[in-house]
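Asks: Here it is: the structure, laid out below.
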Amino acid sequence: MDSWYSKTAPAFDSKKSKSILHPFTVNNHKGNTLNLYQGCQHRCGYCYATYEWSPEFYDKIYAKSNAPEILENQLRSWKSQVVQPVMISSATDAYQPAELKFELTRKCVKVLQKYNIPYYVFTKSALISRDLQLHKQYKHNCFLVWSITTCNENIRRIIEPGTPPSFVLFKVIKKFSDCGITCAVNIDPIIPRITDTSSEIEAIVENCLKSGVSYVFGAPLRLRSDIWERMKIVFKLLNREETGVIKDYITLYDFKEPMGPGYNLHVDKTYAGTMLKNLEEKVIEKGMLFGFPNLDENRHMAKTKLKVCNENQLTLMNFM
Ligand code: SF4
């Protein structure tokens, strides 16, 4: 993945998918993922969606061109009575530049709305503004999550060179929250020794408050071998190599160089606990909610088969 830190525009291509909505369960939370692109132009060095089997991840973006039709077919023939909330997207960015050309996110959101399906969007993009009206008309049943890792432009340009500056994103968030749409910010990953200072976290939380964000949450960086190799380039580009940062990481993540494939390392528990406690205190102090909106579907029952505009389909607010 040497091509990660590059200003070269990726190539776009299309492919067909056999299915597009994939159920998942995480910590008793059930949902469905909808990934309309493969690859991502945002080029985040810490990206968890890059694996050995996708070496072109940042440089070749595939649009799943038949996604809207496949999604509609899947919903029409859905076996259970309700569809759990749909996460758009877990392994790419639904509003990356390719969306301007292919409009798959817009088309699929329209399908979800047609079937009354609750959804939430994860993005680092300002392009979502294009669909402000679309999400606004469905604000009772969707929420939007922006992943923002830093307000420091020098750091952002290095760690995620394809994303917009945070001040641009906060302006976009304000537009959505002013429309009554539930907005959240996920500070993920919080990168030890790079974006984890109290002032850095404070700056993000303060901007969340000013932008009308309701929920703030975050998580420390996890390390795999490919991510670790990119992080070492990040340290170099930020001139942090001399500060003992590599040694700190080896201690914080408890591994030996070279890190082999197959690792998925969590940071030291005490470090993580302190960092998240600080974040939680800052968020609560500002009067916002800490954590991911609670999607507890067990409190509700659906009674009929899924159909277009099914009145018994649970809304997102049923899960919160
Ligand atoms: S926006 Fe998300 S999917 Fe895209 S490169 Fe960044 S972390 Fe990866």
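The values are calculated or read from the model by the stated rules, or taken from the named source; none is laboratory data. Quick caveat: nothing in here was measured; it's all calculated off a predicted structure. We place every Cβ from the backbone using ideal geometry, glycine too, and count neighbours over all the protein chains shown. With ligands, DNA and RNA removed, areas are computed over all heavy atoms of the protein, side chains included. Shrake-Rupley method; radii C 1.70, N 1.55, O 1.52, S 1.80 Å.
Asks: Being under 18 Å from Tyr215 (Cα atoms), touching a His at 6+ places or on another chain (Cβ under 7 Å) and within 16 Å of the ligand (Cβ to nearest atom) is the filter here, so list the residues in segment 142-181 that pass it.
Replies: Selection gives Leu144 alone.
Asks: Here are the criteria: (1) more than 12 Å from the ligand (Cβ to nearest atom); (2) on the phi < 0 side of the Ramachandran plot. Tell me which single one Gly45 does not satisfy.
Replies: Tallying (1) more than 12 Å from the ligand (Cβ to nearest atom); (2) on the phi < 0 side of the Ramachandran plot, Gly45 fails exactly one: (1).
Asks: A follow-up question, please. What is the one condition in (1) within 19 Å of Asn35 (Cα to Cα); (2) open to solvent by less than 10 Å² (accessible area, probe 1.4 Å) that Lys124 does not satisfy?
Replies: That leaves (2) as the condition not met.
Asks: Follow-up question, since we're still on this one. Of everything in segment 72-90, what is within 16 Å of the ligand (Cβ to nearest atom), modelled with pLDDT of 95 or more and open to solvent by 10 Å² or more (accessible area, probe 1.4 Å)? Give them in sequence order.
Replies: Answer for segment 72-90, where residues must be within 16 Å of the ligand (Cβ to nearest atom), modelled with pLDDT of 95 or more and open to solvent by 10 Å² or more (accessible area, probe 1.4 Å): just Met87.
Asks: A follow-up question, please. In segment 16-44, how many residues are without any contact (Cβ under 8 Å) to a residue 24 or more places away in the chain and among the hydroxyl-bearing types (Ser, Thr, Tyr)?
Replies: 1
Asks: For segment 1-26, how many residues meet the condition of being within 16 Å of the ligand (Cβ to nearest atom), among the hydrophobic types (A, V, I, L, M, F, W, C) and surrounded by 14 or more Cβ atoms within 10 Å (Cβ to Cβ)?
Replies: Summing the residues that are within 16 Å of the ligand (Cβ to nearest atom), among the hydrophobic types (A, V, I, L, M, F, W, C) and surrounded by 14 or more Cβ atoms within 10 Å (Cβ to Cβ) in segment 1-26 gives 3.
Asks: Please state which of the following conditions Pro68 fails to meet, knowing it meets all the rest: (1) at pLDDT below 95; (2) farther than 28 Å from Lys171 by Cα; (3) away from the ligand (no atom under 15 Å from the Cβ); (4) open to solvent by less than 20 Å² (accessible area, probe 1.4 Å).
Replies: All conditions are met except number (1).
Asks: Also, quick follow-up: Out of Lys124, Lys136, I need the residue that is within 13 Å of the ligand (Cβ to nearest atom) and touching a helix residue (DSSP H, G or I) at 6+ places or on another chain (Cβ under 9 Å). Which one?
Replies: Answer to the selection: Lys124.
Asks: If Arg193 satisfies every condition in (1) surrounded by 23 or more Cβ atoms within 10 Å (Cβ to Cβ); (2) on the phi > 0 side of the Ramachandran plot but one, which is the exception?
Replies: (1)
Asks: Starting from segment 78-96, keep only residues that are part of a strand (DSSP E or B), then list their pairs with residues that are surrounded by fewer than 24 Cβ atoms within 10 Å (Cβ to Cβ) and of a type in the set (Gly, Ala, Ser) whose Cβ atoms are within a distance under 6 Å, requiring at least 6 positions of separation or different chains.
Replies: Final answer for the pair search is Met87/Gly31.
Asks: Condition first: more than 8 Å from the ligand (Cβ to nearest atom), part of a loop (DSSP other than H, G, I, E, B) and among the polar types (S, T, N, Q). Now tell me which residues in segment 27-42 satisfy that. Break it down stepwise before answering.
Replies: So the first thing to find is which residues in segment 27-42 are more than 8 Å from the ligand (Cβ to nearest atom), and the list is 27-39.
When the remaining residues are screened for being part of a loop (DSSP other than H, G, I, E, B), the result is 27-28, 35-36, 39.
Once the filter is applied, which keeps residues that are more than 8 Å from the ligand (Cβ to nearest atom), part of a loop (DSSP other than H, G, I, E, B) and among the polar types (S, T, N, Q), segment 27-42 yields Asn27, Asn28, Asn35.
Asks: Same structure again: So how many residues does segment 48-65 have that are among the β-branched types (Val, Ile, Thr) and either more than 10 Å from the ligand (Cβ to nearest atom) or under 18 Å from Arg106 (Cβ atoms) (or both)?
Replies: The qualifying residues number 1.
Asks: Quick check on segment 105-120. Is at least one of its residues hydrophobic (A, V, I, L, M, F, W, C) and either open to solvent by 20 Å² or more (accessible area, probe 1.4 Å) or within 16 Å of the chain's Cα centre (by Cα) (or both)?
Replies: Looking only at segment 105-120, we keep the residues that are hydrophobic (A, V, I, L, M, F, W, C), and these are 108-109, 111-112, 117.
Add one more test, that the residue is either open to solvent by 20 Å² or more (accessible area, probe 1.4 Å) or within 16 Å of the chain's Cα centre (by Cα) (or both), and what stays is none.
No: segment 105-120 contains no residue that is hydrophobic (A, V, I, L, M, F, W, C) and either open to solvent by 20 Å² or more (accessible area, probe 1.4 Å) or within 16 Å of the chain's Cα centre (by Cα) (or both).
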